[in-house]
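Student: Attaching a single structure in structure tokens format; questions to follow.
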Amino acid sequence: MEKIRSFKQLLIWQKGIDIVKEVYRLSKDFPREELYGLTTQMRRAAISIPSNIAEGFKRNHNNEYRQFLHYALGSAAELETQLIIAQELNFLNKDKLNDSLDKLDHLGRMV
């Protein structure tokens, strides 16, 4: 088995990038007045997931890496809350919400 040399080789990082792309797709149709509200918050939380995974991977110690994985999990929980709020405000339908929540849950279990 070949040693992983880049965070880009990590499946959890790749799944995180997929979540970012999905959040951008989902939020592009949110009301314009949410551009600096929920839209921005959701995008920042989503971006934070793979960003923390990448930053932790570049740390020199396993303890630091684990800490950044915990940050990624915190961002995933934040995003989950925001997705639920978006659905409650009728910005997302239930199917899109459930699909996104399944992906977040899968990523969380991988971490």
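Student: Which residue is surrounded by the fewest Cβ atoms within 10 Å (Cβ to Cβ), if the candidates are limited to the range 1-28 and must be without any contact (Cβ under 8 Å) to a residue 12 or more places away in the chain and over 21 Å from Lys58 (Cα atoms)?
Tutor: Residue satisfying both the conditions and the ranking: Lys28.
Student: Please enumerate the residues belonging to the range 53-65 that are without any contact (Cβ under 8 Å) to a residue 24 or more places away in the chain and surrounded by 13 or more Cβ atoms within 10 Å (Cβ to Cβ).
Tutor: Within the range 53-65, Glu55, Gly56, Arg59, Glu64, Tyr65 qualify.
Student: Okay, next question. Checking the structure you have, find out if any residue of the range 55-71 is farther than 16 Å from Val111 by Cα and of a type in the set (A, V, I, L, M, F, W, C).
Tutor: No; the residues of the range 55-71 include none that is farther than 16 Å from Val111 by Cα and of a type in the set (A, V, I, L, M, F, W, C).
Student: When only residues in the range 84-98 that are touching a residue at least 60 places away in the same chain (Cβ under 8 Å) and in a helix (DSSP H, G or I) count, which is surrounded by the fewest Cβ atoms within 10 Å (Cβ to Cβ)?
Tutor: Here the answer is Lys96.
Student: Return the only residue of Leu92, Leu97, Leu104 being farther than 19 Å from Ile47 by Cβ and touching a helix residue (DSSP H, G or I) at 6+ places or on another chain (Cβ under 8 Å).
Tutor: Just one listed residue meets the conditions, Leu97.
The rows are residues; the columns are (1) of a type outside the set (A, V, I, L, M, F, W, C); (2) within 22 Å of Asn90 (Cβ to Cβ).
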site: Trp13; (1), (2): no, no
site: Leu26; (1), (2): no, yes
site: Glu34; (1), (2): yes, yes
site: Thr40; (1), (2): yes, yes
site: Arg43; (1), (2): yes, yes
site: Pro50; (1), (2): yes, no
site: Phe57; (1), (2): no, no
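Rule-based calculations on the coordinates, nothing more; no lab input. Just so it is clear, the model here is predicted, and its values are computed rather than measured. Neighbour counts are summed over all protein chains in view; Cβ atoms, including those assigned to glycine, are modelled from backbone coordinates with ideal geometry.
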